[in-house]
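Asker: To start, I am sharing the structure in question, which I have written as structure tokens.
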Amino acid sequence: MALPARAPALIVGGGPAGAAAAIALARAGRPPRLLERTSGAHDTVCGAFVGWDAIAALRRLGIDPFALGAHPIHRLRLFGSGREVETRLPRTAAGLSRRCLDETLLAAARQAGAFVDRGRSVRAADVGARTIRTDDGEEIGADALLLATGKHELRGAVRPRDTSRDPIGLRTALSPSKQLDAVLDGVIELHLFDGGYAGLLLQEDGCANLCLSVQRWRLKGAGGIPNLVRALADALPAFRARLAHGDPVGWSAVSGVPYGWYARETAPGLYRLGDQGAVIASLAGDGIAIALESAAEAAAAILAGDGAEAYQGRLGRRTALPLTVAEGLRWAAERPVPRDLLMGLVAAVPALPRFAARLTRVGT
Ligand SMILES: Cc1cc2nc3c(=O)[nH]c(=O)nc-3n(C[C@H](O)[C@H](O)[C@H](O)COP(=O)(O)OP(=O)(O)OC[C@H]3O[C@@H](n4cnc5c(N)ncnc54)[C@H](O)[C@@H]3O)c2cc1C
């Protein structure tokens, strides 16, 4: 099918937000054009925790994470201030690699009729004119421009926040082992430390996804990723035990993650989705759900002829409480005294994390 000269809907970025919006628009008979800079399957900096609200949103798109082999997760195990506390999650979650999730969503978008362009990087946007320019010089206009570049800024549409002091996200995978299988069966672990946390879970390929969110001062003070990981292993016995098969390698990083930020306004025709619309602290494990929910809302708004401003306002109101609660938890988890209190509270009232998990959900 020939591409239209001016796309009715143009999506920049093919992560969960961009791909889910493409599926919804294409299935409603309005196939969008989607530009994704990676040309094939890839992992992204993420904890690979797919919460129950994200699972529900995926099922609404006809995708069942467990049919893809996702590892079921029923419990949360928290380490911090020398304590270990384990508690049941409100509902079953899933450990699924982003490589698998993102590729599945993009395949579904293509199958639904969306024009998915892989290996196409967008260099800049002119928000007023609703046009973008690709790395190879193509200029494309659109009636609706859906910005879904996630953790990455796009020149001309940068999120208005100084991210120079925001935390850094790190991710790698630990090779399958019987020891990790046994200890991580059905569990997500969060190891809390000064300036951040490490998250571990099993995913569909048998590897354990290891992600860290860490303040810059902590990473700089340690002198780089390998030194930080060694220092954490020295200080945190349970974390050290998870790394028994050797120092993790092959880290990916993303810097300046603007936790707590959400778009308070937008330009006509510019729909900000996923992390470009609202960024929840990653320890809440709800970023993928926000990506999917915002995609569904943006697609519905476009189909209904609703303005981008109305959509963005609704998303902001919907995410404000979860983002605030998640920021409070992150603040407490990263500091010694509040962390002591938090761990003490959780040990005394194991239902507390379930309550917090409910408050940090955007979806149902
Ligand atoms: C350390 C860490 C751990 C996390 N753990 C979890 C977790 O366990 N569970 C959870 O739910 N959330 C987690 N999150 C949050 C989650 O990763 C994000 O909220 C989610 O990925 C947002 O989806 P998105 O589609 O908006 O963006 P992304 O997933 O970042 O996707 C953006 C896409 O846009 C493409 N792109 C970027 N720039 C361009 C360009 N110029 N041109 C074309 N394409 C472009 C990228 O290649 C990418 O495919 C975590 C975040 C961090 C930092």
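Asker: Please give the calculated 222 nm ellipticity per residue for the chain, where each DSSP H segment of at least 4 residues contributes -39500 (n - 2.57) and the sum is spread over every residue; nearest 500 deg cm²/dmol? If you can, show how the numbers build up before the last one.
Answerer: Details: 11 runs with 132 residues, N = 364.
Result for the chain: -11500 deg cm²/dmol, rounded to the nearest 500.
Asker: For region 35-59 and region 62-129, compute the distance between their C-alpha centroids and round to whole Å.
Answerer: Each part reduced to its Cα centre gives a spacing of 3 Å.
Asker: Also, quick follow-up: If a/c stays under 1.5 just call it rounded; otherwise compare a/b with b/c (prolate if a/b is bigger, oblate if not). Do that for the chain, with a ≥ b ≥ c from the square roots of the Cα gyration tensor eigenvalues.
Answerer: Prolate, because a/c is 1.5 or more and a/b exceeds b/c.
Asker: While we're here: Of the chymotrypsin sites (Phe, Trp or Tyr not before Pro) in region 50-149, which ones lie in a loop per DSSP and count no more than 12 other C-beta atoms within 10 Å?
Answerer: The qualifying sites: there are none.
Asker: Oh, and also: Given a Förster distance of 22 angstrom, what is the FRET efficiency for Ser39 paired with Asp136, based on the Cβ-Cβ distance and rounded to 0.05?
Answerer: 0.95
Asker: Calculate log10 I(q)/I(0) of region 205-277 for q = 0.13, 0.26 Å⁻¹, where I(q) comes from the Debye formula with a single equal point scatterer on each Cα and nothing for solvent.
Answerer: So the normalised log intensities are -0.57, -1.29.
Asker: Moving on. Is the shape of region 103-208 best called rounded, prolate or oblate, per the rule: a/c under 1.5 gives rounded, else a/b larger than b/c gives prolate, else oblate, with a ≥ b ≥ c the square roots of the Cα gyration tensor eigenvalues?
Answerer: oblate
Asker: Is the shape of region 116-155 rounded, prolate or oblate, going by the alpha carbon gyration tensor and its root eigenvalues a ≥ b ≥ c, with a/c under 1.5 for rounded and a/b larger than b/c for prolate?
Answerer: Rounded, since a/c falls under 1.5.
Asker: For a quick check: sort Asp234, Asp181, Asp117 by the number of other beta carbons within 10 angstrom, fewest at the front.
Answerer: Values: Asp234 10, Asp181 13, Asp117 19.
Taking fewest neighbouring Cβ atoms as first place, the list is Asp234, Asp181, Asp117.
Asker: Now for a separate question. Any idea how far apart Arg60 and Glu309 come out in nm if each label point goes 7 Å out from Cα toward Cβ?
Answerer: 2.6
Asker: While we're here: Considering only C-alpha atoms, what is the centroid distance from region 286-304 to region 215-247, in Å?
Answerer: About 37 Å separates the Cα centre of region 286-304 from the one of region 215-247.
Asker: Moving on to the next point. At most 11 other Cβ atoms within 10 Å plus a DSSP loop assignment makes a site exposed; report the longest stretch of the chain without any exposed trypsin sites (Lys or Arg not before Pro).
Answerer: On the way: sites that count: Arg165, Arg264.
It runs 1-164.
Asker: Hey, another quick one. Pulled fully out, how much extra length does the chain show between Arg123 and Arg264, if you take 0.36 nm times their separation in residues and subtract their Cα-Cα distance? Could you put the intermediate results ahead of the total?
Answerer: Details: separation 141, 0.36 × 141 = 50.76 nm, distance 2.41 nm.
This chain segment gains 48.3 nm when fully extended.
Asker: With charges only on Cβ, +1 for K and R and -1 for D and E, what is the dipole size of the chain about its Cα centre, in debye, rounded to 20?
Answerer: 400
Only the coordinates and a few stated rules stand behind these numbers; no lab work does. Since we're looking at a predicted model, the values are computed, not measured. Positions of Cβ are backbone-derived with ideal geometry, glycine not excepted, and every protein chain shown enters the neighbour counts.
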